[in-house]
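Please read the structure below before turning to the comments.
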Amino acid sequence: MSVAAFCVLGVLLSGYVVLDGYDLGMASILLFVARSGDERQSARNAIAPFWNGNEVFLVAAGASLFAFFPQVYASSFSGFYLPFMVVLWLLMGRGIAFEIREMIENALWHAFWDVAFSLSSLGLVVLFGIALGNIVRGVPLQQGGYFLGLFGFLFNGYAFAVALLAVLALCQHGAAYLIVRTKGTVAERSRRAAIRLFPAVAAWWAIVSISTFFVRSPATFGAPPAIAAGAAVALGSLIAFRIAVGRQRHRGAFVASACFLAGLLLSAAGTIFPYLLPGFPDPRTGLDIYRTSGPPAAMTTALTVTVLALVLLAGYRTFLARKLTSRGT
Amino acid sequence: METVLWDRIQFAFTIMFHYLFPIVTMGLAPFIAAFRLRAAFAGDTVADRAARLWTRIFAINFAAGVVTGIPMEFQFGTNWAAFSGRTGSVIGQPLAMESVFAFFGESVFLGALLYGRRILTPKLHAASAVVVWLCSWMSGYFIVVTNAWMQHPVGYTLGRDGTVLLTNMPAVLLSSFAWWQFLHVITGAILAGGFIVAAAGAFYLLAERDLDIAPAFLRSGIIVAFVFSALAVFPTGDRNGANVTTYQPVKLAAMEGLFRSEKGAPLAILGMPDTARRRLLDPLEVPDVLSFLAYGNFRANVAGLAAYPRSLWPPVALTYYAYHVMVGLGTAFVAVGALGVLLLWRGYLFRARWFWWIALLTVPFPMIANEAGWVTAEVGRQPWIVYGLIRTSEGISPTVVAGETVFTLIGFAGVYLLLGILYLFVVLREILNGPDVRPHANAPGVTAPV
């Protein structure tokens, strides 16, 4: 049951990364691929109906962590206190920047808020990357399972390397999205961005993967089959992505990019399993899914609820997407 | 002590700012659904335009609610880690249900409602409005369940280390404390929605514009406001009071400013509680009425604060004032609503310019009353974070110090100032632009929202 909960959490987090990932990534490259006012407008319109709904996945992942593994939720959120607060302000700043831009019709006003939107989104990607890097590397848990995540500890080479990978991969993902959802120069520049980002993503991913073997001993990798499967999916998807972009199969390229991200997360999950918050320097001093899971009633309730809700979501999202595109322009 | 106080101030500030938006979404959602259904089934074009205006305003509130709601969920973990770690197997459940049922549904169907007017069939479009309405209320329900469990914990056992273990989820979801609290919260939101719609109608009448749609707003708004103001007093307010009397008698004494236990306790209409000297200064009281309201008997004994050790008292003055602000405003809403309905019935409503002003100026007060009600419930719950089980001071994060909370509180104040200004600007602009479509995202390739 704990393993099932771990998987459900992984699905929700992957959902967040794949969905909010494209609007975060698109925002990060916005200033480069869309330069005139009209271009920026069309790029923004491509995410306007969706970004808010995508962020809901972050809330859902947080709430499910709370329901399944309360002690991990309590320990990680309080341990990463200041970084999490910065994440919150960036999330809010990003939303404000996106919405406030429309308020006044003035080119300078638009330019200012576009830059604010882009930078706050990029900042979020960097922070999420640093968080993921530190979770893989482990955090210094004290007795009672709490820790103090000071910036001095959290800012380490490995975390920065993961953050750079996050930036590169999500920029590529955002570019793949813009190719599908925009036309003309924005789509063309996004396509060129995707082609140029591809070797950087591939090379940097290899470097991060190798350095993972140095920040923690391979003996502590929890689920090597999952790591291998994740890496295989990611590798296959990355190659498929490049081929699809080359052949102008843009929807396919976006799907491949999404699978690449999911593969990365699967291998990260396989590395830390069964710990949700591995310890440092020894990962085995961390909080695992067996000792921190709630009582049976809580696990059954939360599992039923999240699985049912995800099935429902898939159903009504598909239904509405079909209805919204079937008769639309 | 200092840390817990700053954590409380931060939570209070962020939740009170956040709650302004759910009041509006929960209050407007039924109006939007009703207008949409009328447009779909009766082909009423006025209802269609009305629904478009309120959907745009709803969307702004939903976005602001999401943006300010994420910090609320984070704060359980960041500032109240000990509480979350101990009680998460219970309170994590309704919070998870809220995000995966209500938020997922609301965000997807709101997209359909905003962008689907020309694409979906009118009936499917109206159905989206109904789903958005149900999801917004469901969201409120799950949050109230969380809070009601903290007010009156049920359906759990205690583990050996003091951890709360969920045993019975249906008991948590169906607790009568939760249901009456939810019904009271939702009537408070609907009456606020009614007064907002009525105020928009009054504004258009006063400005002599959009005269085809303004009477519909004023009429439907004031009827709803009247009915739900009455329901907020009875039965929902009354039943909540009964639950407080049964399960939280100290809170009741603080709300009423009753220091000494009395047979035939008076109801204080006015007065200032003096906690140091343990009496109500300058009181205006109605004898015996509190005994009747609490126990249905004019001579019943009502326990005063003095019957409990000082360490179990909530902050008396704040609880007392918040409660009296809520009740005083609630009474005024019934009066304003009744006056409006009377004018409507006698056929004067659309000539009584003075009443349009009253309707317009009433609009901020339901917000204040809703917030005051929550202050009563939450400050009155002190010193407990889970009533009778865990003290608030035991709930805070062991690794977070006061200075960090002060720093982040200032950060929230800054961001929320910006957000508040932006919000007022955007909503007022929508009202000023009026019900007729004004393409918002007008670039090629995207359907203009509503």
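All of the numbers you see were taken from the coordinates with simple rules; none came from a lab. Fair warning: this is a prediction, and the values are worked out from it, not measured in the lab. Here the Cβ is made from the backbone with ideal geometry for all residues, glycine too, and neighbour counts use every protein chain on show.
Students often forget the sequence filter, so: which lysines lie under 20 Å Cα-Cα from A:LYS323 once same-chain residues fewer than 8 apart are removed?
B:LYS123
Would you be so kind as to identify all helices of chain B, as entire DSSP H runs, whose Cα atoms reach 24 Å or more along the helix's own axis and whose mean Kyte-Doolittle hydropathy is at least 0.5?
Helix filter hits for chain B: B:2-42, B:45-78, B:122-151, B:176-206, B:214-231, B:316-345, B:402-433.
With a 10 Å radius around each residue's Cβ, average the other Cβ atoms per peptide and rank A:11-23, B:157-169, highest first.
Final packing ranking: A:11-23, B:157-169.
Could you tell me which of rounded, prolate or oblate describes chain B, using a ≥ b ≥ c as the square roots of the eigenvalues of the alpha-carbon gyration tensor, with rounded for a/c under 1.5 and, failing that, prolate when a/b is larger than b/c and oblate otherwise?
Numbers: a/c = 1.98, a/b = 1.36, b/c = 1.46.
Oblate.
Measuring from centroid to centroid over Cα atoms, what is the spacing of region A:59-95 and region A:3-42 in Å?
18 Å
Compute the FRET efficiency between A:ALA321 and A:LEU150 as 1/(1 + (r/R0)^6), taking r as their Cβ-Cβ distance and R0 = 56 Å, and round to the nearest 0.05. Write out the running numbers ahead of the final one.
Values: r = 44 Å, r/R0 = 0.79.
Computed FRET efficiency for A:ALA321 and A:LEU150 comes out at 0.80.
Please give me the summed charge of the neighbours of A:TYR81: other residues whose Cβ is under 14 Å from its Cβ, Lys and Arg +1, Asp and Glu -1. Before the final figure, lay out each step's value.
Numbers: positive: none; negative: B:ASP7, B:GLU404.
Within the 14 Å Cβ shell, the charges total -2.
Using only the Cα atoms of region A:116-252, what do you get for the radius of gyration and for Dmax, in Å?
For region A:116-252, the Cα radius of gyration and maximum Cα-Cα distance read 17.4, 58 Å.
Can you work out the PRE-style zone for A:ARG251? Point 7 Å along Cα to Cβ, and I want the residues of region A:169-211 with backbone N under 13 Å.
Zone members listed by number: A:180-181.
Sorted by packing (mean other beta-carbon atoms within 10 Å per residue), highest first, where do B:310-321, A:46-57, A:210-221 land?
Details: B:310-321: 17.6, A:46-57: 22.1, A:210-221: 13.7.
Descending packing order for the listed peptides: A:46-57, B:310-321, A:210-221.
Quick one: if you stick a label point 7 Å off each Cα along the C-beta vector at B:THR331 and B:ARG346, how many nm between them?
About 2.3 nm separates the two model spin labels.
To the nearest 20 debye, what is the magnitude of the charge dipole of the protein assembly as shown about its Cα centre, counting +1 on the Cβ of each Lys and Arg and -1 on the Cβ of each Asp and Glu?
Details: 52 positive and 36 negative charges, 334 e Å.
Dipole size: approximately 1600 debye.
Which is farthest toward the positive dipole end of region A:2-323 among A:LEU235, A:SER36, A:LEU308, measuring Cα position about the Cα centre, with Cβ charges +1 (Lys, Arg) and -1 (Asp, Glu)?
Checking the options against the dipole of region A:2-323, the answer is A:LEU235.
State the Kirkwood hydrodynamic radius of the protein assembly as shown in Å, one decimal place, computed from all pairs of distinct Cα atoms.
Values: mean 1/r = 0.0361 Å⁻¹.
In the protein assembly as shown this quantity evaluates to 27.7 Å.
Hey, which aspartates and glutamates would be in cross-link range of B:LYS263, C-alpha to C-alpha under 16 Å, not counting anything within fewer than 8 residues on its own chain?
Of all the aspartates and glutamates, those that pass the test against B:LYS263 - Cα under 16 Å, at least 8 places apart if same chain - are B:GLU285, B:ASP288.
Looking at chain A, do any whole DSSP H helices span at least 27 angstrom along their long axis by alpha carbon and average 0.0 or above on Kyte-Doolittle, and which? Write down the numbers at each step before the final one.
On the way: long enough: A:2-33 (44 Å, 1.82); A:81-100 (28 Å, 1.56); A:107-137 (45 Å, 1.42); A:157-181 (36 Å, 1.58); A:184-215 (45 Å, 0.81); A:224-246 (33 Å, 1.61); A:250-272 (34 Å, 1.37); A:296-326 (44 Å, 1.08).
Span-like helices, by this rule, are A:2-33, A:81-100, A:107-137, A:157-181, A:184-215, A:224-246, A:250-272, A:296-326.
Pop the C-beta distance of B:LEU124 and A:PHE160 into the FRET formula with R0 = 56 Å and round what comes out to the nearest 0.05. Could you put the intermediate results ahead of the total?
On the way: r = 49 Å, r/R0 = 0.87.
Result of the calculation: an efficiency of 0.70.
Take the Cβ-Cβ distance between A:ALA111 and B:PHE298 as r, set R0 to 60 Å, and report the resulting FRET efficiency rounded to the nearest 0.05.
0.25
Answer with one residue from B:ALA268, A:ALA219, B:THR331: the one whose Cα lies farthest towards the positive end of the charge dipole of the protein assembly as shown, charges on Cβ with Lys, Arg +1 and Asp, Glu -1.
A:ALA219
For region B:68-158, what is the convex hull volume of the alpha-carbon atoms per residue, in Å³? Don't skip to the answer; put the middle values down first.
Numbers: hull volume 8.6 nm³, N = 91.
Considering the Cα atoms of region B:68-158, their hull volume per residue is 95 Å³.
Would you kindly calculate the translational diffusion coefficient of region B:1-127, applying Stokes-Einstein with the Kirkwood radius from alpha carbon pairs, for 10 °C and a viscosity of 1.306 mPa s, and quote it in µm² s⁻¹ without decimals?
Taking Rh from Cα pairs, D becomes 96 µm²/s.
Give me the distance in nm between label points sitting 7 Å out from Cα along the Cα-to-Cβ direction at B:ASP274 and A:VAL307, one decimal.
6.5 nm
Taking the simple approach of a point 7 Å from Cα along Cα-to-Cβ for both A:ARG35 and B:TRP354, what is their distance in nm?
My value for the distance between the label points is 6.6 nm.
Averaged across B:108-121, how many Cβ atoms of other chains sit within 10 Å of each residue's Cβ atom?
Details: counts 9, 3, 3, 9, 7, 0, 2, 4, 6, 0, 3, 7, 6, 2.
Partner Cβ neighbours, averaged per residue: 4.
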